[in-house]
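Working notes, beginning with the structure itself.
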Amino acid sequence: MAAKRRERRVVMVTGASSGIGRATALAFARNGDDVVLAARSPGALDLTAAECRSLGARVRVEPVDVNDAPALRRLAGSGDRIDVWVHTAAVMAYGRFEELPADVFEQVVRTDLLGAAAVARAALARFRAQRSGVLILGGSVLSFIAAPYMSAYITSKWGLRGLARVLQQETRDAPDIHVCLIDPGGVDTPIYRSAANYTGRVGRPPPPVDRPAKVASAIVGLAARPRRARSVGLANRFMRIGFAALPPVYDLLVGPLMRRAGLSRDPVGAHTGNVFAPLPRG
Ligand SMILES: NC(=O)c1ccc[n+]([C@@H]2O[C@H](COP(=O)([O-])OP(=O)(O)OC[C@H]3O[C@@H](n4cnc5c(N)ncnc54)[C@H](OP(=O)(O)O)[C@@H]3O)[C@@H](O)[C@H]2O)c1
């Protein structure tokens, strides 16, 4: 007897124009699903869309800023259904907390924490109406540990982990609605160069560095078999154990390690990167 063909799912990706979100859209397209691609840059979304279409997916492009709650609500209400919503949109800022302009700190937290909350609110409203859906939120190993020069990002990622845990508890009444957190370590994406920067040196992912496709494949796996959290990155477990078990040693080492491995030697003037508006591609 021929195997029953699985139905095509509709997968929303907020943050689909770059990095892990782009790789995730491609992975779902390759998997036989249809994708809705959202981020701020229409041009970059169109490029992801063309690649997804070449893999056989039906694609919709929906330029949106996650700080625009009404636009997110419209997005959540559009189309026949949304089976999976992957939220990877985020921005980053490097700099000592005291040297980071307050408006940059606040915009990173607004985008990475409050934007993610707005996405969760819109997605869960849609999932409640459908009685099903999987929401996958983009956490980080930095949702569990701290490192200097990344205060706004780490504040947001710790907050997002708390939010994800609460949502997991509050959706227990809906057995077919799931909320998951994906926690990558270092991944080779444009976020390090497009981050706002007040350190004088360009950021880079500390090793070991994974490819976005590896995280995307873990996300596709989470959508099929949802669980509370999934970590991707060989060193994540060791960093978390060191942070929790030996705080004085961790704090002694993390500054020098961050300056050596997390910041390159390339000089850069103070700039706001893509925090307030997307950067032109390239
Ligand atoms: N790369 C890593 O090493 C790493 C490690 C751990 C966790 N993560 C997490 O993984 C996720 C993806 O990061 P990435 O490295 O793939 O970054 P990326 O390549 O910079 O992609 C970020 C995406 O977010 C979108 N975005 C930013 N601000 C937005 C806004 N206000 N509204 C809508 N979309 C917005 C960007 O597109 P536009 O600029 O066009 O809006 C882009 O599509 C993030 O949550 C990040 O924190 C990354």
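Read the figures in this text as sums done on the coordinates, not as results from a lab. These figures come from a predicted structure and were not determined experimentally. Cβ atoms come from the backbone with ideal geometry, glycine included; neighbour counts cover every protein chain shown.
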Expressed in nm to one decimal, what extension gain is obtained for the pair residue 74 and residue 227 from 0.36 nm per residue of sequence separation less their Cα-Cα distance?
52.3 nm
Take residue 125, project a point 7 Å from its Cα along the Cβ direction, then tell me which residues of segment 66-102 have their backbone nitrogen under 20 Å from it.
66-89
Tell me the Rg and the Dmax, in Å, that the Cα atoms of segment 108-255 produce.
16.2, 50
Sort the following peptides by mean Cβ neighbour count (other Cβ atoms within 10 Å, averaged over residues), highest first: 68-78, 130-140.
130-140, 68-78
Have a look at the DSSP beta bridges in segment 10-267 and tell me what percent are antiparallel, nearest 5.
5 percent
Along Cα→Cβ, 7 Å out, is where each label goes; now give me the distance between the ones at residue 266 and residue 99 in nm to one decimal.
1.9 nm
So what does the Cα-only Debye profile of segment 10-267 read at q = 0.15 Å⁻¹, as log10 I(q)/I(0), no solvent term?
-1.06
Rounded, prolate or oblate, given the Cα gyration tensor of segment 198-282, with a/c below 1.5 counting as rounded?
oblate
Taking the chain as a Gaussian network, Cα atoms linked when under 10 Å apart, which of 190, 205, 63 shows the biggest mean-square fluctuation?
190
Can you give the calculated 222 nm mean residue ellipticity of the chain, where each DSSP H run of n ≥ 4 adds -39,500 (n - 2.57) and the sum is split over every residue, rounded to the nearest 500 deg cm²/dmol?
-12500 deg cm²/dmol
List every residue whose amide H lies under 5 Å from the amide H of residue 61, counting only residues 5 or more places away in sequence or on a different chain, with H placed 1.01 Å from N in the peptide plane.
37
Considering the chain as a Gaussian network with a 10 Å cut-off on Cα pairs, which listed residue, 216, 244, 196, attains the greatest mean-square fluctuation?
244
